[in-house]
Amino acid sequence: MIRYRRQVACLDNILALTLGGPLSPLAILSSLNPARGSYTGVASGGNGAPKPVGQVHYHTGKRSARLAFLFPEQAARQEDVVLLLEQLAYEAGVWGACNVLAEVEENSPLYEALRKAGFVVYARQQIWQLEKLSESHHGTAAAWQPALSVDEIAIRSLYQSLVPPLVQSAEACPESQGQNLVYRPEKDELLACGQVWLGPRGAYIQPLFHPGVNNTMELLIGLAVHIVPRPSRPLYLAVRSYQAELESDLTVLGAAPGPRQVLMAKYLVNMQRLPAFNPRTAMLERRAEPTTSIVPNLTQSSKTSLDAKKN
């Protein structure tokens, strides 16, 4: 398998861009985290073909597991890769994951294998690397503030308004804690948020901007400066297809675009939308049921009382 070491396909951009790749020493050390489980599977290669190797990892309590890597990307038989993907998905389901996510380039030979293994496309994206910014831009970072627990409802509302339902079924809403950032002009309505992942090899940001934002370029600069005030490590921005209007601003800023990618998910449970009822509203809307009139009983009781007095 040593001769196929250059055919390792990383299916998790966050892992690759923040830790340096799925087989890097930092990525291997991160697998020792007790809250994160990982499973590495090997499929039997047939007709002299190499045995494909893949890995899936899952954080306890999260909705989704993620495929970390698979190799050899080109030399392995598609039938063997499909069997391996099904095995990895099974292990993720045993852990309690609702789905398994994978990120693959559009022209990758793994795309067809993922599709045959039950993965479906839910979005597309392109990752941009932002180079060094001038010192004059450093004052724009103040527009962004760390996300707090009080921002949870506003972040969820922004996410549900802008993100297509197909994406929402695959990915959970951004958390209001951790390293994430929010933009709220003059303590008004929350108009933008950025999911942030930091690592020794780079910073990875997934921005979400409301269409009502007019100073998009200024906010992108401020977001970059807030995360990486000095060019100590690369900065990557993942622009989804439903946020394609950000690409023109990144081009003006001199960011370098990467290859277009397909985001795929394999659902391990049947997701169903159920209406959420307000118990108070339901009580008010509930119709009164007709009951037996108490008038005859009162009349009979009164008559009995009068007869008793006469006697």
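The values are calculated or read from the model by the stated rules, or taken from the named source; none is laboratory data. This is a predicted model, so every value here is computed, not measured. Here Cβ is always computed from backbone atoms with ideal geometry, including for glycine, and neighbour counts include all displayed protein chains.
For the range 178-187, a tally of residues being in a loop (DSSP other than H, G, I, E, B) and in contact with a helix residue (DSSP H, G or I) (Cβ under 6 Å, 6 or more places away or on another chain) returns 0. Pairing each residue of the range 244-260 that is closer than 14 Å to ARG124 by Cα with any residue that is among the acidic types (Asp, Glu) and assigned to a loop (DSSP other than H, G, I, E, B), provided the two are 6+ apart or on different chains, yields C-beta distances under 9 Å for PRO259/GLU106; ARG260/GLU106.
Residue selection: ARG273 fails the criterion of being farther than 30 Å from GLN87 by Cα, modelled with pLDDT of 55 or more and part of a loop (DSSP other than H, G, I, E, B).
Would the range 210-231 turn up any residue that is modelled with pLDDT of 95 or more, β-branched (Val, Ile, Thr) and over 14 Å from TYR183 (Cβ atoms)? Within the range 210-231 (the criterion being modelled with pLDDT of 95 or more, β-branched (Val, Ile, Thr) and over 14 Å from TYR183 (Cβ atoms)), the answer is no, since none of the residues qualifies. In summary, LEU114 fulfils each of the numbered conditions (1) without any contact (Cβ under 8 Å) to a residue 24 or more places away in the chain; (2) crowded, with 18+ Cβ neighbours inside 10 Å; (3) not acidic (Asp, Glu) with the single exception of condition (1).
A count restricted to the range 247-270 and to residues that are over 18 Å from the mean Cα position of the chain (by Cα) and either surrounded by 20 or more Cβ atoms within 10 Å (Cβ to Cβ) or of a type in the set (Gly, Ala, Ser) (or both) stands at 6.
The residue of the range 203-225 that is farthest from LEU250 (Cα to Cα), among those that are assigned to a strand (DSSP E or B) and in contact with a Pro (Cβ under 9 Å, 6 or more places away or on another chain), is ALA203. Put simply, of SER64, SER30, SER38, SER24 the only residue that is within 24 Å of TYR267 (Cβ to Cβ), modelled with pLDDT under 90 and either surrounded by 15 or more Cβ atoms within 10 Å (Cβ to Cβ) or in contact with a Pro (Cβ under 8 Å, 6 or more places away or on another chain) (or both) is SER38. Reported count of residues in the range 186-204, each being without any contact (Cβ under 8 Å) to a residue 40 or more places away in the chain and farther than 19 Å from GLN129 by Cβ, is 7. Filtered by the rule that a residue be modelled with pLDDT of 90 or more, out of contact with any Leu (no Cβ under 6 Å at 6 or more places or on another chain) and surrounded by 18 or more Cβ atoms within 10 Å (Cβ to Cβ), the range 159-182 gives VAL163, ALA170, GLU171, ASN180, LEU181.
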